[in-house]
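Heads up: the structure comes next, in C-alpha cells.
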Amino acid sequence: MKWLAIIAVTVMLGGCQGRQEENAEVAFQVDAEPVPKEKEEVEEVISNAPPKSAEQKLVKNGRIEFETDDADKTRQTILASVKANGGYIGRDDEERNSSDMSYTMVVHVPTARFEKFVSSATKDVAEFRHRSISTEDVTARYVDTESRIKTKKEIEIRYRALLGKATKVKEILEIEEQLGEIRTDIEAMEAQFKQLNNDVEYATLEIVFFKPIYTSNPFMSELADAFGDGLDNLRGFAVVLVAVWPFVLLAIGVVAMFNWWKKKRKRVSKQEGAELS
C-alpha cells in the first residue's frame, strides 16, 4: 500500500507540471500574435521595390556677342527681358576704345525660362558674332552631395548621443573634436549644395554687344591713339629707369672717374714735356 501511495502522488505531480507547461505554451502563443499576412506582403513589396530614379539636374550656360547701332536701346531691352522672366543681373560693364563701345552683361534667369529670355532679349539682333549655349548634366554630383550631407548628419546625431553619455573628460573632448570636424564638413558640403542648386535653378548667359564709333577724320583718331601709346611708353621707361637707378649712378661714377684719370694723365704728360724741354 505504501508503494501504491508513492506512485499515485508521482503521477499527480507529473500531470500538474504537464498542465502548467501547456498553459505556459498557450499563454506565449496568445502574447506573440502572428504577423498578418497583408503586412508581410506589404513589407515584401517595399523591400523588393526598385529605387526611385533621381530627377535629372542640368546646368545651362551660354555666351552671345553681337553688334548694335543703339547700345542704350539694346541694354534697356535686355533689362526688361530679365525682369519679365524673373532673372537678375550679375555683372554690367562698359568699356570704350577708339573704334567702339563694348558692353558686357552677365544675366541669371530661371532655367525653365532661358530660351524665352534669349529670344526676347535678342529679338532685334540681325547677326551674332558669337553664340554658344552648353548644358551639363550634374545629376550624379547632385545626388552624391545630397547623400553625403545626409550621412554626415546621421553621424553627427550619433556623436551627440555619445556625448550625452560620456562621463570622462578625455572622452568628452575627443567627441567634441570629432563633432567640430563633422560640423565643418557639413557646412562646406551644404554651401556647395546650395551653389549647385542655384546653378541648376538659374541659367547663366554672358551678353557682349558692341557699338562702333565712326569718326570724320581717321588720321586724327590714329594720331590720338599714337599719342596715347607714346605716353604709355614714356611711363614704362620711367618705371624701368627708377628700377635700375643704382646701376645708373654706378655708370655715372665710372665715367666721372675715367674723365678725372684722363685729365690727370694729360696734366702729367704736359709737365714731363716741359721738364724735358
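Values in this text are rule-based calculations from the coordinates and carry no lab data. Treat the numbers as computed from the prediction; the structure is a model and nothing was measured. Cβ: placed from backbone, ideal geometry, glycine included. Neighbour counts: every protein chain shown.
Taking R0 as 30 Å, what FRET efficiency do you get between residue 237 and residue 129 from their Cβ-Cβ distance, rounded to the nearest 0.05?
Details: r = 37 Å, r/R0 = 1.23.
With a Förster radius of 30 Å, E is 0.20.
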Quiz item: So between residue 195 and residue 229, what do we pick up on full extension, going 0.36 nm a residue minus the alpha carbon distance?
Solution: 7.9 nm
Quiz prompt | Ascending count of other beta-carbon atoms within 10 Å, so fewest first, for 199, 92, 70 | solution = 70, 92, 199
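Please order 254, 143, 118 by the number of other Cβ within 10 Å, starting at the fewest. Don't jump to the answer; show the numbers that get you there.
Details: 254 10, 143 13, 118 21.
Lowest count first: 254, 143, 118.
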